1. Once you have the Cα-Cα distance between ASP62 and SER116, take 0.36 nm times their residue separation minus that, and quote the gain in nm to one decimal.
2. Relative contact order for the range 27-127: what is it in percent, counting Cα pairs under 8 Å that are at least 6 residues apart?
3. Quick one: ILE73, ILE117, fewest Cβ neighbours within 10 Å first, how do they rank?
4. Near LYS81, which lysines are there with a Cα under 23 Å away, not counting those fewer than 8 places off in the same chain?
5. Tell me, what HN-Hα J-couplings in whole Hz come from the Karplus equation 6.51 cos²θ - 1.76 cosθ + 1.60 at θ = phi - 60° for each residue of the range 61-66, using x for Gly and Pro?
6. Please arrange CYS52, CYS86 by counting, for each residue, the other beta carbons lying within 10 Å of its beta carbon, fewest first.
7. Roughly how large, in nm² to one decimal, is the mean projection of the convex hull of the alpha-carbon atoms in the chain?
8. Tell me the GluC sites (Glu not before Pro) within the range 53-98 that lie in a loop according to DSSP and have at most 12 other beta-carbon atoms within 10 Å.
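What follows is calculated from the coordinates using simple rules that are stated; it is not laboratory data. These numbers come from a predicted model, not from an experiment. Neighbour counts are summed over all protein chains in view; Cβ atoms, including those assigned to glycine, are modelled from backbone coordinates with ideal geometry.
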Amino acid sequence: ANISTLTIPPLIAPSDDAAFYFIPIEQLVQLHVFNGTLYFETVAEQTAYCYCLSLCPKPRTDTKEKAFEENWITIGGFVGKPEHRCHLQIHQARFNLNPLAFVTQLIKNRNNSDTSIPSHVGSIILNSHKLM
């Protein structure tokens, strides 16, 4: 499971003064991207993941559907122009170029397999559709 806190590994003896560090969701999803994570625990994680990649997959709000019809959003869900991202309130984007091929290859390398469509990430990357 994806756990959003850092814990002491079992080989290190825990102590009473051990501190836990909460990872903000914006940073957690960056770890998810580069770790090849396939599933999310919450809708907030899924949304933050999409926004990190500058993706706006289906289902979309009426505003986002109109943006898709005006070609602000590609078939794969990528929003390329900063002004379009701003209008669509995608403020956490970390990629200026479409990252779909990169993320697909990264997941393939990290998991030693192709991206699975039934997974949360697979559905977003391959079908431009959120499952949660």
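1. Length gained, ASP62 through SER116: 16.6 nm.
2. The value is 33 percent.
3. The most exposed by this proxy come first: ILE117, ILE73.
4. Once the sequence-local lysines are set aside, what remains near LYS81 is LYS58, LYS64, LYS66, LYS130.
5. Coupling constants for the range 61-66: 5, 4, 4, 6, 5, 5 Hz.
6. Result, fewest neighbours first: CYS86, CYS52.
7. Its average projected convex-hull area is 9.2 nm².
8. Values: sites: GLU65, GLU69, GLU70, GLU83; in loops: GLU70.
Taking the range 53-98 and a limit of 12 other Cβ atoms within 10 Å, the loop GluC sites (Glu not before Pro) found are GLU70.
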